[in-house]
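Chemist: Attaching a single structure in structure tokens format; questions to follow.
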Amino acid sequence: MRTPIMPVPRLTSEQLDGLARDLDAVRDAVMADLGTPDAEYIRRLLRLQGRLELAGRALLYLGFLPPVWVAAVVCLAVSSLLNREEIGHNVLHGQYDWMGDPALSSQNVEWEGLASSKDWRRSHNYVHHTFTNVLGKDRDIGYGIMRVSPEQKWHPYYLGNGLYAALLMLLLDWGFALHDLEVDRLLRRERAWSENREIHRRLRRKIGVRVLREYVLFPALTGPFFFSTLAANACAKVLRDLWTSALIFCGHFPAGVVTFTEEELADEGRGHWYYRQLLGTANFDGGRLFQIMTGHLGHQIEHHLFPDMPSRRYPQIAPQVRAVCDKYGLPYNTGPLHRQFFSTWRSILRLSLPSRVVTRRGATSRRLGRLRVRTDTVGRR
Amino acid sequence: MTLVLRPNANWRGFEAGQYVRLGVEVNGVRRHRCFSLASSAHRKDRSIEISARVNPDGIVSPYLKHRATTGEMYTVSPAQGEFTLPERRPAHLLMIGSGSGVTPLMSILRTLHDEHHSGRVTFLHYARTEADMLYRDELEDMTRHRPHLTVVRAYTAQRTGGDLYGHLSEEHLAAVGVDVVDVAAADAYVSGPPDLVETVRGIWTARGLADRLHTENFAAPVAPTAAPTTHSVPHAKVIFARSGVSAPAAGVSLLELAEASGLRPPFGCRQGICTTCTSRKLGGTVRHLLNGEVSHVEEEQIRLCVSAPYGDVTLDL
Ligand SMILES: Cc1cc2nc3c(=O)[nH]c(=O)nc-3n(C[C@H](O)[C@H](O)[C@H](O)COP(=O)(O)OP(=O)(O)OC[C@H]3O[C@@H](n4cnc5c(N)ncnc54)[C@H](O)[C@@H]3O)c2cc1C
Ligand code: FES
């Protein structure tokens, strides 16, 4: 069920302050309540992930039996998914820093992603979560390769929008790793090569180790099944990336998600930051297991409001966040995954063409002042 | 409450009188507390013993008493502290201890015992009542086997059964025959709550013997109780431990303070979102700039950009 999208209300500064107070209260209550169950949750997941990986690697000794091979791929894909999303992504957000356990500290953990944790924390925790959906600032809007908002100027390059999205879905991990190098800005000479030197070094090391591990060492360990293991490892990664990218696209690119301009950031208070997070993200529905398998990305709204809150708390506070949205007349964009996915792809494909964008955008801009709603090109029911 | 711990292979041993920082996870949070080791430094099985007074308002000691179970894992810092015996064991030792403060003294006694030390040891042992007196039976046993050991039991809240009553005073020292001026050979070791340590220090200083005195202070960490609306605490100091720089605390964030002191800690959003500036606070209290919450003094990870000093603070920067 989709909340009506337009018009998006503009809040007065008193309302924004109220919004900040209300959301801070939601946050403070949960943060004061953190304890053993949260600690046990993340440790249980770590153990589960380790066991799945072990199982996957072991099964590949019987990789010549097709069903076993498939089971191994599934184990490895799920283990990798947990490592990246429900564990890695969330731990790197500092969701478990309160525990004081160095093994779960945002500053220490090195995840399985190809991008080093350090670079990821900069491009994701800092750039994306601070400047969420601000055109020209948030580099996660289309990741510098896609056009996902009518506000991005059309260029014949974007005729390949769908293709770029599909490729990114297949090779998400590599995409993220290269993302940190900001190649598009290098080409436009907005960034110096020298700024990338350290990142290059870290990337080379990390990629070297990963590639050796997945595509040389583990295959070699299975002796005669070298190629079967290699294929399984590669499949696991691709499966994981397809799934993760679908989730991420659905959290940020579906209809109803709003983008902002840099001018709106001037003197931004906490209330407006919250406001921006609420309008810049979308949820999708699902049960507990489903949310774990998505790294709780189905609660993208709650995650963007409280990136350092342990993710297992998001379902618990969702009704409160929704109530706050209702109080201020703000939309709470949610729907089933398949619908958000469909909406996302329709948008990506439509945006490969320049059609109608200008007039529609003019209309929207007039109605909403400086606010921009991405849905205008994808139509509305 | 007494606890025996079996350290792993990383443990480098300790000297009698030293303490460790014990890291115990209570309700998901790893808490660090200092505890002196009470066991002999020569124990064959390398296990270590601590004795803790259970503070009903505390976090760690009640946990250890009521909820800890055999087989749990804790972290232990390397042994630290200067409250140790010289390499050449003193010929005459005067030990004064009170409450749980006797733990490092027990370690010293047990260690000397294992070394078959033959020097004179006088132990002035304070406790509220007989029931509160830690290691009473073991000490009694020891005195029977070691003619050179004298244990003087002093009760502060009980009027019978002991050797002395009330708090430590010059009279107490005189009564046990410890004529401090004359006992030039005696090294004095005092361990206990701050007021006991201060009293002894006063007496020893007045007699010009301050350099013969070794002290261990068992002060519990105390968070300042000023109203959380106060934006800074006067005369407070921020120490950047790794860089060896310090700065007077001001109302600004620790990130700004570090930058003003010439440090370059990493940062991103500067509004508490991204965790780029997360650093380890080694001690001291900070105020969260967004919700005004004042932290306790223990070690924890904090975001420099949204934390302001609230009293002395030491950072791992
Ligand atoms: C070198 C040294 C050696 C020591 N050796 C020993 C020893 O051998 N045996 C021994 O028993 N003690 C020893 N101590 C003292 C011991 O470290 C402290 O008493 C310690 O506080 C005990 O922890 P706890 O769990 O009992 O209480 P804590 O949890 O530390 O509580 C102490 C007080 O602080 C308050 N408090 C706790 N947390 C907070 C918070 N988050 N916010 C505000 N207030 C809070 C509590 O209400 C309580 O009043 C030693 C201390 C030092 C410095
Ligand atoms: S700089 Fe982003 S949390 Fe401090």
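The values are calculated or read from the model by the stated rules, or taken from the named source; none is laboratory data. Remember, it's a predicted structure, so these values are computed and weren't measured experimentally. So basically every Cβ, Gly included, is an ideal-geometry build from the backbone, and we count neighbours across all protein chains shown. Accessible surface is based on the protein model in full, side chains and every heavy atom, while ligands, DNA and RNA are left aside. Shrake-Rupley method; radii C 1.70, N 1.55, O 1.52, S 1.80 Å.
Chemist: Round to the nearest 10 and report in Å² the accessible area of A:His252, as given by a 1.4 Å probe over the protein chains' heavy atoms.
Modeler: Result for A:His252: roughly 10 Å² accessible.
Chemist: Still on this structure, please answer the following. In Å² (nearest 100), what accessible area is buried between B and A, both sides summed, heavy protein atoms only, 1.4 Å probe?
Modeler: Working: alone 16350 and 16840 Å², together 31420 Å².
Chain pair B/A: roughly 1800 Å² of buried accessible area.
Chemist: How far is helix B:136-145 tilted off the main Cα axis of chain B, in degrees rounded to 10, range 0 to 90?
Modeler: Orientation of helix B:136-145: about 40 degrees from the principal axis.
Chemist: On to the next question. Between the DSSP loop rule and a limit of at most 14 other Cβ atoms within 10 Å, which chymotrypsin sites (Phe, Trp or Tyr not before Pro) in the stretch A:301-355 are left? Can you show the working numbers first?
Modeler: Numbers: sites: A:Tyr328, A:Tyr332, A:Phe341, A:Phe342, A:Trp345; in loops: A:Tyr328, A:Tyr332.
Those that pass, being in a loop and sparsely packed, number zero.
Chemist: Rounded to the nearest 0.05, what FRET efficiency do B:Ser246 and B:Glu115 have when you use their Cβ-Cβ distance and R0 = 35 Å?
Modeler: Values: r = 42 Å, r/R0 = 1.19.
Using R0 = 35 Å, I get an efficiency of 0.25.
Chemist: Please work out the average accessible area per residue across the stretch A:13-363, using the 1.4 Å probe convention, and give it in Å². Present the calculation step by step, with values, prior to reporting the outcome.
Modeler: Numbers: 14350 Å² over 351 residues.
Spelled out: the 1.4 Å probe surface of the stretch A:13-363, per residue, equals 41 Å².
Chemist: Same structure again: Whole Å is fine, so just give me how far the alpha carbon centre of the stretch B:266-317 lies from that of the stretch B:108-181.
Modeler: Taking the Cα centre of the stretch B:108-181 as reference, the centre of the stretch B:266-317 is 45 Å away.
Chemist: Which whole-number percent is the relative contact order of the stretch B:1-123 (Cα, under 8 Å, 6+ apart)? Numbers along the way, then the final one.
Modeler: Numbers: 207 pairs, mean separation 41.4, N = 123.
Worked out over the stretch B:1-123, it gives 34 percent.
Chemist: Another question, then. What's the FRET efficiency of A:Asn108 with B:Asp57 using the Cβ-Cβ distance as r and R₀ = 35 Å, to the nearest 0.05?
Modeler: 0.60
Chemist: In Å, what Rg and Dmax follow from the Cα atoms of chain B?
Modeler: Answer for chain B, Rg first and Dmax second: 22.4, 69 Å.
Chemist: Using a/c under 1.5 as the rounded threshold, could you call the protein assembly as shown rounded, prolate or oblate? The axes a ≥ b ≥ c are square roots of the C-alpha gyration tensor eigenvalues, and prolate needs a/b larger than b/c, oblate otherwise. Present the calculation step by step, with values, prior to reporting the outcome.
Modeler: Numbers: a/c = 2.83, a/b = 2.01, b/c = 1.41.
Verdict is prolate for the protein assembly as shown.
Chemist: To continue, here is another question. Note the angle between two axes, namely the Cα long axis of helix A:66-82 and the longest principal axis of the Cα atoms of chain A, as a number of degrees from 0 to 90, rounded to the nearest 10.
Modeler: Compared with the principal axis, the helix lies near 50 degrees.
Chemist: Over the whole of A:95-102, what's the average partner chain Cβ count within 10 Å per residue? Rounded to a whole number, please.
Modeler: Numbers: counts 1, 2, 6, 5, 7, 13, 7, 4.
So the per-residue partner count for this stretch is 6.
Chemist: Work out the mean other chain Cβ neighbour count within 10 Å for the residues of B:263-276 and drop it here as an integer. Walk me through the numbers on the way to the answer.
Modeler: Values: counts 0, 0, 0, 5, 1, 8, 7, 2, 5, 3, 14, 14, 14, 9.
Taking the mean over all residues of the peptide, I get 6.
Chemist: Moving on to the next point. Where the eigenvalues come from the Cα gyration tensor of the stretch A:13-363, what are the semi-axes √(5λ) of the equivalent ellipsoid, largest first, in whole Å? List each step's numbers first, then the result.
Modeler: Values: eigenvalues 223, 134, 77 Å².
Equivalent ellipsoid of the stretch A:13-363: 33, 26, 20 Å, largest first.
Chemist: Students often get this wrong: which residues of the stretch B:44-70 have the backbone nitrogen under 16 Å from the point 7 angstrom along Cα-to-C-beta of B:Val4?
Modeler: Those under the cut-off are B:44-52, B:69-70.
Chemist: Can you list the trypsin sites (Lys or Arg not before Pro) in the stretch A:184-282 that are in a DSSP coil and have 11 or fewer other beta carbons within 10 angstrom? List each step's numbers first, then the result.
Modeler: Details: sites: A:Arg185, A:Arg188, A:Arg189, A:Arg191, A:Arg197, A:Arg201, A:Arg202, A:Arg204, A:Arg205, A:Lys206, A:Arg210, A:Arg213, A:Lys237, A:Arg240, A:Arg270, A:Arg276; in loops: A:Arg188, A:Arg189, A:Arg191.
Taking the stretch A:184-282 and a limit of 11 other Cβ atoms within 10 Å, the loop trypsin sites (Lys or Arg not before Pro) found are A:Arg188, A:Arg189.
Chemist: Starting from the stretch A:149-202, pick out the GluC sites (Glu not before Pro) whose DSSP state is loop and whose Cβ has at most 15 other Cβ atoms within 10 Å. Please list the in-between numbers first.
Modeler: Numbers: sites: A:Glu151, A:Glu182, A:Glu190, A:Glu195, A:Glu198; in loops: A:Glu151, A:Glu182, A:Glu190.
Answer by residue number: A:Glu190.
Chemist: Once R0 is set to 45 Å, what does the formula 1/(1 + (r/R0)^6) return for the Cβ-Cβ distance between B:Thr205 and B:Arg144, expressed as a FRET efficiency to the nearest 0.05?
Modeler: Values: r = 36 Å, r/R0 = 0.80.
That gives a FRET efficiency of 0.80.
Chemist: Kindly express, to the nearest 10 degrees and within the range 0 to 90, the angle between helix B:103-114's C-alpha long axis and the longest C-alpha principal axis of chain B.
Modeler: Approximately 50 degrees, to the nearest ten.
Chemist: Just want to confirm a number: the relative contact order over the stretch A:13-363, from Cα pairs under 8 angstrom separated by 6+ residues, in percent. Mind showing how you got there, number by number?
Modeler: Details: 444 pairs, mean separation 86.1, N = 351.
25 percent.
Chemist: Quick check on the protein assembly as shown: of the DSSP beta bridges with both residues there, what percent are antiparallel, nearest 5%? Present the calculation step by step, with values, prior to reporting the outcome.
Modeler: On the way: 33 of 64 bridges.
Roughly 50 percent of the beta bridges in the protein assembly as shown run antiparallel, per DSSP.
Chemist: Here's another thing I want to ask about it. Give me the percent of the accessible area of chain A that comes from carbon and sulfur atoms, probe 1.4 Å, all protein chains in place.
Modeler: Details: 10290 of 16010 Å².
So the carbon and sulfur contribution to the accessible surface is 64 percent.
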